[in-house]
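A short worksheet on the structure shown next.
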Amino acid sequence: MSNLQVPIMRKEVEFAANIARHHPRNKTTGGVYDRFIEILHKAGEYKTSKEKQHQIHQKELEKRRYILRRVLVEYKQIVKDNNGGATDLSEVESRVEEELGDAFVQLVEFMSKTMYIKHDDFVSGVHEAAILKDYSQILNQLDAKIHDKFKQNPVVGCPEIAKIACDLTGIPASWFIVGDRKERYMRLKQQLLKRVFGKSNEIEIIVQVLLNKSVSWSGRPLGVFMLTGSNNVGKAELARAIAGELYDNEDRLVRFDMFKYDSVSSLVDSITRTVKTRPRSVLVFDKINEAYCSSNSSVLMLDKTLSNVLSGVDFKDTLIIITSDDGGDQMFGGMSGLTKLIDDMIVVDWPSDLKDCCRILLREWAKSLNRGVIVCCSKAALIDMEINCGGGGGGGATMVERWMEEKVFPVLSRMVSEYDGGVEENIIIHIDKDEEIGELSFNFD
C-alpha cells in the first residue's frame, strides 16, 4: 500500500488477514475485507514521535533492569547463605535462580530488539554472563553502551499488528499471538508461576479447570472460582495476576462491593453493564463472608443475580472469582445456583515455610513503592524474624505479617525517605542479624 509510513512484511500482512477473517468488522454481514484494510491502515500510521517512543522504551527498560537487579541481589544472598551450594532450598529459594535466568533473557531480547548495540560485543558479553552467572558485570557494561541509543521507526511486526487489532476489537493482543486456547492457558500457568510466589497449588487447580472445560457456546463463564483463606493471604493479588496475564492488563479486573447493592435488580444491572462493555475481564466479588456476616441477603442476592444474568448475557470470555476470608461451605448451604456454578473452591494459604512468607512480604512491600527499591534479607535475619514474630510458636503467617508491619516496614520506610543517593540507581537495603547485640541490622548497599 502506497500510503504506508513504515514497512510491513508479508508475514505481518498474512497475520492481519487471519485476524480479519476470524474477527470481521460485522459478524452478521461479513466485512472481512473492511477489517483487513482497517488493520493495515492503522499499521501504516504506526509511527510515534521520537520523544514518545523514547519514553515508552525507557520505561520498559527500567522495569526490566529493576527485575533483573532485584533477583540478582536475592540470588547472591541465597548463594552466600548456603556457602555457595544449592542444597535444601525452600520453594522460593529454588525458584530464584530460574527467575534470574528468565529476567536476563527478557532484558537481552528487549535490548537487542529496540537498541543499537554492536552485535559482536553484545553476543559475546551475553554468552559469558550466562556461563559465569555474572549478570551484574554485563549489565553494567550494557548500561554504559545503550544510553539514548533506542531505534526509531521500527518495522511493524506481529506484536504491533496484534496491539492494533486489540484497539479495534477489544480482544487482548496476546490472544491473537497465541490463538490456541489450551496453549494460552499453559502460557497463563507459566506466567503466574513466575509472578506469584507460594501459590503453585492454587495456580495448578485454576489452570487445570480452564483446560478441562470445553469452549462455552452457552455463554457460561470461562471459569468460576471461590478463593477462601485468611485476610491478606494473597487472594486479591492472585486475582490481579490472572487479569494481568490472561487479559494483558490488571485493569481488566472489576471488583464488586456487595455492600453497595440493595437489590437483585441493581446488581444485575451493574454486572450486565460491565460484561457488555468489558466482556474480557475478571469479575471479583470480594470478601463475601463480610456481607454474609452483616446480612445473608447479600449472598442470597449474588446467588439469584448470577442465575438471572447468565440467562441473558454472554459470559464466555469472562472469569469470575468470589473471595472469602472464611470457609465458604456455611454460606452456600441451600444455594443451588452458586454451588452449581462454582467450578472449584480453593483454599489459599501462605507457604509452609514462614521465612518464604517474609521474603514475599518484603518483595511486595518494595514493589508497592514503585521507586526501584530492592530489599534483601539474609537467612539469619529471616530466622530471627520467624522467631521474634511468634510464627515459630504457631502464630502462622498472619503473625509474621503483623510483626513486620510493626517492626520492619517502618524502619525501611524511614530509610527510603531519607535516602540521598543517586536518583537513577536502585535503592538496595540489606537486612541482616547483628550477632553482637542480637537485633536486626538495616544497611544500604
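The values are calculated or read from the model by the stated rules, or taken from the named source; none is laboratory data. What you are looking at is a predicted structure, and each value in this text was computed from that prediction instead of being measured. Here Cβ is always computed from backbone atoms with ideal geometry, including for glycine, and neighbour counts include all displayed protein chains.
At-a-glance table
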read-out: Residue check, Leu253 farther than 24 Å from Asp326 by Cβ, buried (at least 20 other Cβ atoms within 10 Å of the Cβ) and among the aliphatic types (A, V, I, L, M); value: no
read-out: So Met331, is it of a type in the set (A, V, I, L, M), assigned to a loop (DSSP other than H, G, I, E, B) and modelled with pLDDT under 85; value: yes
read-out: Any hit, the range 242-249, residues being in contact with a helix residue (DSSP H, G or I) (Cβ under 7 Å, 6 or more places away or on another chain), at pLDDT 80 or above and of a type in the set (Ser, Thr, Tyr); value: no
read-out: Verdict on Ser281 being at pLDDT below 75 and either in contact with a Gly (Cβ under 7 Å, 6 or more places away or on another chain) or farther than 15 Å from Leu227 by Cα (or both); value: no
read-out: Where a residue in the range 256-274 is closer than 22 Å to Ser324 by Cα and its partner, wherever it lies, is in a helix (DSSP H, G or I) and of a type in the set (D, E, K, R), with Cβ under 7 Å and at least six apart; value: Val264/Lys304
read-out: Residue pairs meeting the criteria (Cβ under 9 Å; at least 6 apart or on separate chains; first under 16 Å from Val96 (Cα atoms) and in the same structural domain as Val108 (by TED's automatic domain parsing), in the range 55-84; second exposed (fewer than 14 other Cβ atoms within 10 Å of the Cβ) and among the hydrophobic types (A, V, I, L, M, F, W, C)); value: Ile78/Ala86; Val79/Ala86
read-out: Members of the range 266-287 that are in a helix (DSSP H, G or I), touching a helix residue (DSSP H, G or I) at 6+ places or on another chain (Cβ under 9 Å) and under 13 Å from Met301 (Cβ atoms); value: Ser266, Leu267, Val268, Ser270, Ile271
read-out: Some residue of the range 202-210 being within 19 Å of the chain's Cα centre (by Cα), buried (at least 17 other Cβ atoms within 10 Å of the Cβ) and farther than 28 Å from Cys358 by Cα; value: yes
read-out: Residues within the range 253-265 that are over 28 Å from Glu237 (Cβ atoms) and either outside the structural domain of Thr318 (by TED's automatic domain parsing) or touching a helix residue (DSSP H, G or I) at 6+ places or on another chain (Cβ under 8 Å) (or both), tallied; value: 2
read-out: Count - residues of the range 412-445 that are under 21 Å from Met385 (Cβ atoms) and modelled with pLDDT of 85 or more; value: 23
read-out: Yes/no for Met385 being closer than 17 Å to Glu405 by Cβ and at pLDDT 85 or above; value: yes
read-out: Positions within the range 364-379 being in contact (Cβ under 8 Å) with a residue 60 or more places away in the chain and either assigned to a helix (DSSP H, G or I) or outside the structural domain of Leu412 (by TED's automatic domain parsing) (or both), in sequence order; value: Glu364, Ala366, Lys379
